[in-house]
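Below: the structure, in structure tokens.
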Amino acid sequence: MKRKVTKAIFPVAGLGTRFLPATKSIPKEIMTLVDRPLIQYAIDEARAAGIKEFIFVTSRGKGALEDYFDHAHELEANLRRSGKDDLLEILRDTNMDSGAIAYIRQHKALGLGHAVWCARRLIGNEPFAVILPDDVIAAEKPCLQQMVEAYQETGGNMVAAMEVPPEKAGAYGVLDINEDMGAMVSVKGMVEKPKADEAPSNLAVIGRYILTPKVMQNLNRIKSGAGGEIQLTDAIAEEIARSNNVFGYRFRGQRFDCGSKAGFLQATVAFGLARAELHDEFIQFLIGMTASRRAAE
Ligand code: UTP
């Protein structure tokens with residue numbers, strides 16, 4: 001049995017510039033898919049995977065995110081008085097046990113690797129997960145849970161991997177595959193945002209990771225990489241040379257890039273259609289909308 005993964009880092013300190021002006025005053029992670037903020041999907045996924053300690057790496061202006069996980073005593077008392085148990089139940093998912101959640105500041109947006117490194121003292125010498133809340137994954141079994149189960153076999157470092165069309169590979173970290181074992185691949189190299197026709201494969205890394213504490217130590221030494229940012233990919237790639245224990249995991253599920261406007265809209269449609277109480281009305285609307293657009297073209 002490998003050591004259990006009970007800690008997860010949620011890097012949420014980015015500026016979210018692609019959603020300006022909204023992100024001038026709302027953290028991107030509080031934006032909602034249907035009626036739940038992105039961060040709630042990430043927390044639910046982490047809980048399903050057995051995570052017990054939730055570490056948020058935040059920055060200025062993310063106060064709404066911290067408030068979101070507080071008990072809203074007045075609201076709860078009000079709902080209790082009026083017998084709205086269903087709504088109280090919905091709120092229960094937003095509450096965290098005291099001490100289960102920690103907030104660390106990243107004082108400057110120096111990149112994802114730097115954000116993860118900011119949590120080093122809370123991680124100590126344990127394996128840990130990293131979840132990027134703007135990658136939302138619709139899956140029968142939540143993605144991180146799939147990965148934790150696979151990790152029980154492999155140990156080491158594991159990144160969620162997804163096939164992407166070659167022209168899109170430049171937007172991701174891309175895996176250089178050593179051995180393809182189906183759901184799992186062993187990795188002999190990783191390139192962050194490769195130039196066109198320099199991508200070693202079409203298997204891209206997306207925002208779920210299980211990492212060894214060694215990766216934290218690598219981040220101690222790493223200077224800035226692609227785009228002038230401190231890249232998490234570089235710190236993981238160092239582990240390939242050192243211990244050859246980096247794996248890609250082809251998860252089962254559909255990933256939405258909710259850090260981009262198009263991805264966010266697609267996720268809104270998918271999650272809206274997945275809700276039984278909205279499905280019929282929403283699909284009628286979409287069909288009507290598509291028909292009238294076609295007629296206009
Ligand atoms: P993105 O690349 O999506 O950057 O970060 P961003 O700032 O959130 O958004 P844009 O590109 O300006 O629109 C991916 C993840 O890494 C976190 C972000 O919060 C997001 O969850 N991140 C990125 C940090 O926590 N700190 C950083 O310095 C950079």
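The values are calculated or read from the model by the stated rules, or taken from the named source; none is laboratory data. Worth saying up front: this structure is predicted, and the values here are computed from it rather than measured. Cβ coordinates were reconstructed from backbone atoms using ideal geometry, including for glycine residues, and neighbour counts include every protein chain displayed. These area figures cover heavy atoms from the full protein model, side chains too; ligands, DNA and RNA do not enter into them. Shrake-Rupley method; radii C 1.70, N 1.55, O 1.52, S 1.80 Å.
List of remarks:
- For residue 1: the one exception among (1) within 23 Å of residue 118 (Cβ to Cβ); (2) modelled with pLDDT under 90; (3) open to solvent by 30 Å² or more (accessible area, probe 1.4 Å): (1)
- For the range 38-82, the candidate set comprises residues that are part of a loop (DSSP other than H, G, I, E, B) and at pLDDT 90 or above; within that set, the residue that is farthest from residue 115 (Cα to Cα) is 82.
- One residue stands out among those in the range 66-114 that are within 16 Å of the ligand (Cβ to nearest atom) and hydroxyl-bearing (Ser, Thr, Tyr): the one that is least open to solvent (accessible area, probe 1.4 Å), which is 68.
- Residue ranges of strands (runs of 3 or more DSSP E) in the range 122-203 with at least 3 members more than 16 Å from the ligand (Cβ to nearest atom) and open to solvent by less than 10 Å² (accessible area, probe 1.4 Å): 157-163
- Residues located in the range 204-221, provided they are surrounded by fewer than 20 Cβ atoms within 10 Å (Cβ to Cβ) and of a type in the set (Val, Ile, Thr): 206
- Candidates 83, 63 - the one that is under 20 Å from residue 42 (Cα atoms) and without any contact (Cβ under 8 Å) to a residue 24 or more places away in the chain: 63
- The set of residues from the range 8-33 being over 14 Å from the mean Cα position of the chain (by Cα), open to solvent by less than 50 Å² (accessible area, probe 1.4 Å) and either away from the ligand (no atom under 14 Å from the Cβ) or of a type in the set (Lys, Arg) (or both) comprises just one member, 33.
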